[in-house]
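Participant: Below you'll find the structure I mean.
The values are calculated or read from the model by the stated rules, or taken from the named source; none is laboratory data. Just so it is clear, the structure is predicted and the values come from calculations on it, not from any experiment. For neighbour counting, all protein chains shown are included, and Cβ atoms are generated from backbone atoms with ideal geometry for every residue, glycine included.
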Amino acid sequence: MSKLALGSAQLGMQYGIRNTSSKFTDDDIKEVLRIAKKNNIDTIDTAIAYGESEIRLGKHDLKGFKIITKIPKFSSEETNIEKWINEEIESSLLRLNKNKIHAILLHHPNDLKKSEGKIIYESLRKFKDQNIISKLGVSIYSPNELDTIFSNFDFEIVQAPFNVIDNSLINSGWMKRLNNNGIEIHTRSTFLQGLLLCDLNEIPKKFNKWKDIFESWDYQTSNINVSKMEACLNYSNSFNEINKIIVGIDNLSQFKEILSYDLSKDYHRLPSLNCLDKMLINPSNWDSL
């Protein structure tokens, strides 16, 4: 099976810095799924928070795909945690038109650090015990989120950002640690929401602070005569510890371009573009730039 996994945020809402195209039609989604299956992509990543993503996927034949979804941040106003989780998961299954799915991840794993953390975890475990889900996991923004939850809870999947300028998964030691413990590593933000694919003149001015990084990235890809998209994909693919590389797509032609590349080339020896500034590597901070 392919190491690539299909990210579905764009199927349910406008997502990404370069995504100015109109939303996918139902026919487009049907074609995306057909092409994915043809190219041995067996995993689809979605989330309750991704607008209409789940309900739009649920209109199509998802047989043969491993569906991963994520439950949203726990609200402190909820008085019955187990009931809330049950309703969230059952509603998600209904939208996806599935009786069972491959995995459920916590979209905000810091919820486990709260006093309700154990109840949240045990409520999720019940769905695994009933074989409604096969695996439990967490979706993190930064590896340091794992520092306090890893020893207290058992997970089979960790989804984390990783790309040519965000190497925090390696630098923190968590990539090696997760791999050594047999935990699947799924990486997202492969293109940093499209920012890494931009020509220099397309990069919004609010990112001028990191101009040197983007100029270096532009020079390196030009120097080895490779597209930025191909370099991003090959970089992530070159790490054997990574089990799945989640890629979002803005349109069908972009999906076909992604699938046209030979991912066996090794570009992880490109000079380091490692950036520690969370204002850049964490897109949730971009609105405040």
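Participant: Of these, 219, 235, which one is closer than 16 Å to residue 165 by Cβ, at pLDDT below 95, surrounded by 19 or more Cβ atoms within 10 Å (Cβ to Cβ) and among the hydroxyl-bearing types (Ser, Thr, Tyr)? First the steps, then the outcome.
Facilitator: On the way: 219 fails: surrounded by 19 or more Cβ atoms within 10 Å (Cβ to Cβ).
Exactly one residue qualifies, and that residue is 235.
Participant: Can you tell me which residue among 225, 251 is surrounded by fewer than 17 Cβ atoms within 10 Å (Cβ to Cβ), more than 30 Å from residue 30 (Cα to Cα) and among the polar types (S, T, N, Q)?
Facilitator: The conditions single out 225.
Participant: A further question on this structure: Do we find that residue 276 is surrounded by 12 or more Cβ atoms within 10 Å (Cβ to Cβ) and of a type outside the set (Phe, Trp, Tyr) in this structure?
Facilitator: no
Participant: With respect to the numbered conditions (1) hydrophobic (A, V, I, L, M, F, W, C); (2) closer than 30 Å to residue 214 by Cβ; (3) more than 22 Å from the chain's Cα centre (by Cα), which one is the sole condition not fulfilled by residue 162?
Facilitator: Failed condition: (3).
Participant: Could I ask something else about it? For residue 266, work out the one condition from (1) closer than 24 Å to residue 203 by Cα; (2) surrounded by fewer than 15 Cβ atoms within 10 Å (Cβ to Cβ); (3) among the acidic types (Asp, Glu) it doesn't fulfil.
Facilitator: Going through the list (1) closer than 24 Å to residue 203 by Cα; (2) surrounded by fewer than 15 Cβ atoms within 10 Å (Cβ to Cβ); (3) among the acidic types (Asp, Glu), residue 266 breaks only (1).
Participant: I'm trying to understand the selection: among the residues of the range 175-225, which are over 15 Å from residue 281 (Cβ atoms) and touching a strand residue (DSSP E or B) at 6+ places or on another chain (Cβ under 9 Å)?
Facilitator: Matches in the range 175-225: 175, 178, 179, 183, 184, 185, 186.
Participant: Consider only pairs whose beta carbons are under 6 Å apart and that are at least six residues apart or on different chains; among these, list those whose first residue lies in the range 169-180 and is farther than 14 Å from residue 147 by Cβ and whose second residue is modelled with pLDDT of 95 or more.
Facilitator: Final answer for the pair search is 175/169; 175/241; 179/241.
Participant: Return the residues of the range 246-260 that are assigned to a helix (DSSP H, G or I) and either modelled with pLDDT under 95 or over 19 Å from residue 162 (Cα atoms) (or both); say none if nothing qualifies.
Facilitator: 252, 253, 254, 255, 256, 257, 259, 260
Participant: Further question: Give me the residue from the range 22-37 that is surrounded by 14 or more Cβ atoms within 10 Å (Cβ to Cβ) and at pLDDT below 90 and, out of that set, nearest to residue 280 (Cα to Cα).
Facilitator: Only one residue fits best here, namely 23.
Participant: State all residues of the range 154-182 that are among the hydrophobic types (A, V, I, L, M, F, W, C) and either surrounded by fewer than 19 Cβ atoms within 10 Å (Cβ to Cβ) or touching a Cys at 6+ places or on another chain (Cβ under 7 Å) (or both); if no residue qualifies, say none.
Facilitator: The answer is 164, 165, 170.
Participant: What single numbered condition from (1) more than 20 Å from residue 254 (Cβ to Cβ); (2) at pLDDT 95 or above; (3) not polar (S, T, N, Q) fails to hold for residue 77?
Facilitator: (2)
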